[in-house]
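Accompanying notes for the structure given below.
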Amino acid sequence: MALKLRVAGVEAATRHVEGGVEVRLGDRVEVVAVSRRPDGTLLVGGRPADVEPGEVSYCGERIAVVEVLERPATAAPRLPAGALSAPTPGTVARVLVAVGDTVVSGQPLLVLVAMKTEFTLSAPRAGVVLSVNAVPGASVRAGAPLVELGP
Amino acid sequence: MKLLVANRGEIAVRVLRAARELGIPSVAVYSEDDRESLHVRMADEAEALGPAPGSTSYLHGERILAAARRTSATAVHPGYGFLSERPDFAAVVQAAGLLWVGPSPAAMAALGDKAAARRTAQRLGLAVTPGLEVAEAESVLALGLPVVIKAVAGGGGRGMRIVRHESELADAIRSAGREATAAFGDGRLYAERLIEPARHVEVQVLGDGRGGALALGVRECSVQRRGQKLLEETPVPGLPTEVAAALEHDACTLVREVAYGGAGTVEFLLGPDNRFSFLEVNTRIQVEHGITELVTGLDLVAEQLRLAAGGELPLRPEARGHAIEARICAEDPRRGFAPAPGRILRLRAPAGPGVRFDAGVAEGDTLPEAYDSLIGKVMALAPSREAAIGRLGRALDEMEVAGVPTTAGMLRALLDEPAFLNGAVHTRWLEPWCAARPTSEATIVAAAAAYAAAAVAAGPPDRAATPTPTSPWTTLGRWP
């Protein structure tokens, strides 16, 4: 099976070969050994990797991976375009915007508390707040859509 | 002695190891979320405190004392964080007839309270940056912006905020106050003029509680995010011997003045011209104590226990080589160091010559959301800084942590960064560097291979009968 991916913003093409996966990154072509441990852990180049929806964790890094191949749309739930999701499970400490607010890029939108640390979620770009799905004190799960921004 | 360890995680494990080596029976305490934690498994006995939040567990002094009574413990080690810098807790421990492994409540109050410590330092002629206790926003503005807001009661970057614009001030005070209350049970704040760029250096001290003091070298701790350290080394790269001696001298002056007992750290800001000013004192053992242990050969926790029992200061050991530590935290450096609680699916410790690994969890354990993100510390000792950096890099390459994102990959990349190798890093350097850092080609290739391999296992989406929530096909929409 061949895939076209966008990995951390970079296009990569993959193809399964004996003992692993061939990855083409521009002019660079590399065959990466892939295997599974008895416990099911995926080993890539000898080190464990976790594959989650939309991202791969490898050596402590989370790398965004999306397909750019013309695949049929999945039936799975999708976040609305422009939704800002919780990067971590935590508790909502404060909501700093309301529906209809115009925000600038980098503006703090809400504050989560996790692991004894207040963490601010900021607007990745300018826009108008279409919806807010968070109230102070509420527990949220990682990936929960919290704020939706329109153009 | 029978020692109750009033803490959790990495530092509880560290103290329990020292107790085991000295033949001292130990008692762990734990919250509901920590019932199966490593520190509980390592202690001789364990006592439950209550629900996970600090206020009902590790910050609940009465419950900790009740646990000590039930187990007939005779001494309390507070670790770092939680109640470790609370003179009122030290006082009730002593009033209950227990040995407090730390400085006297009076010495803690004199140096641990940032406002009092600054007054004492000024009186003794140490250089101090302009600052004041936060009453209301207007008084802070009088200092001139930018300022740094800090918790009066504790360290570790909790309750700390940098304010550059007047519009951010009120929010920063509220938010820092909440964080300080949650972390230390004391929401009082302090404001200081922000000096930048500055390096953060600190002197490890021991006091005998009778006016004797011993300095054990200077640590460099400028690699920070949110004001919290991620990598430390000793000695300080490029620091002239006479400046190191002056720092040690000032630190010992404070220790002698208040008849400080046990281990402590005196922190300073160091300017580009090697001029320094007193910052604060941490009246407890610190996360980064291990690198001082590596270069001095001392066991600082054992020294704390000895000094608490009235022992003499050790002779000053001859420091050898260079030691460096990387803090492995469950955080996502690619998302502004967002905390990432979760299950440690795999943990392979680094080992080999000159490497030490102190962790608070084992493979399969869960890092609760209620506590801080530290998984463990990788330390390396070698004859030179260059060799220590090479050794730490090798150790980080060897370590495997899966299940949560960590600071490991980012810190590994930092070790190859020219600014770090040249000792040109200051306290505000890491976050912009990390944000601008591209993902390496090797990482991109590996991630592509991993995704492709998982895709085969999952099968194509149109033929998959029921996509599971963890399948890569339930791909969530990403920010464009």
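The values are calculated or read from the model by the stated rules, or taken from the named source; none is laboratory data. Only a predicted model underlies this, so the values are computations on that prediction, with no experimental measurement involved. Neighbour counts are summed over all protein chains in view; Cβ atoms, including those assigned to glycine, are modelled from backbone coordinates with ideal geometry.
Brief remarks follow.
- Any hit, segment B:296-306, residues being among the basic types (K, R) and at pLDDT below 95: no
- Residue count, segment B:156-171 (criterion: closer than 29 Å to B:A246 by Cα, assigned to a loop (DSSP other than H, G, I, E, B) and of a type outside the set (D, E, K, R)): 3
- Set B:V93, B:V27: member being in a helix (DSSP H, G or I) and surrounded by 19 or more Cβ atoms within 10 Å (Cβ to Cβ): B:V93
- Some residue of segment A:53-68 being over 24 Å from B:A448 (Cα atoms), of a type outside the set (F, W, Y), surrounded by fewer than 18 Cβ atoms within 10 Å (Cβ to Cβ) and at pLDDT below 90: no
- Whichever residue in segment B:397-451 is of a type in the set (D, E) and surrounded by fewer than 18 Cβ atoms within 10 Å (Cβ to Cβ) and, among such residues, is nearest to the other protein chains (Cβ to nearest Cβ): B:E441
- Filter result (of a type in the set (D, E) and not in a loop (DSSP other than H, G, I, E, B)) within segment B:405-430: none
- Take the conditions (1) touching a Phe, Trp or Tyr at 6+ places or on another chain (Cβ under 7 Å); (2) more than 7 Å from every other protein chain (Cβ to nearest Cβ); A:E55 misses just one of them, which is (1).
- Scanning segment A:16-51 for residues that are in a strand (DSSP E or B), under 30 Å from B:P339 (Cα atoms) and within 7 Å of another protein chain (Cβ to nearest Cβ) yields A:V34, A:L42, A:V44, A:R47, A:P48, A:A49, A:D50, A:V51.
- Just so you know, in segment B:359-395 the residues that are out of contact with any Gly (no Cβ under 8 Å at 6 or more places or on another chain) and within 14 Å of chain A (Cβ to nearest Cβ) include one that is nearest to A:T91 (Cα to Cα), and it is B:P368.
- Among the conditions (1) surrounded by fewer than 20 Cβ atoms within 10 Å (Cβ to Cβ); (2) at pLDDT 95 or above, B:G342 misses just one, which is (2).
- Extreme residue, farthest from the chain's Cα centre (by Cα), among residues of segment A:60-71 that are within 7 Å of another protein chain (Cβ to nearest Cβ) and closer than 20 Å to A:R6 by Cβ: A:R71
- B:E233 vs. criteria assigned to a strand (DSSP E or B) and either not aromatic (F, W, Y) or not assigned by TED's automatic domain parsing to the domain that holds B:A424 (or both): yes
- Taking the listed residues B:A180, B:A153, B:A135, B:A215, the one that is assigned to a strand (DSSP E or B) and either small (G, A, S) or on the phi > 0 side of the Ramachandran plot (or both) is B:A215, with no other qualifying.
- Filter result for B:V76 (in contact with a Leu (Cβ under 8 Å, 6 or more places away or on another chain) and at pLDDT 95 or above): yes
- Filter pass, B:A135 being over 26 Å from the mean Cα position of the chain (by Cα) and at pLDDT below 90: yes
- A single member of B:S55, B:S84 is at pLDDT below 95 and within 25 Å of the chain's Cα centre (by Cα), and it is B:S55.
- Neighbours by Cβ (under 6 Å, 6+ apart or cross-chain): first from segment B:288-312, farther than 20 Å from B:L231 by Cα; second assigned to a helix (DSSP H, G or I): B:V301/B:V15; B:V301/B:A18; B:A302/B:A18
- Scanning segment B:87-120 for residues that are closer than 23 Å to B:E303 by Cα, modelled with pLDDT of 95 or more and not hydrophobic (A, V, I, L, M, F, W, C) returns B:P87, B:Q94, B:G97, B:G102, B:P103, B:S104, B:P105.
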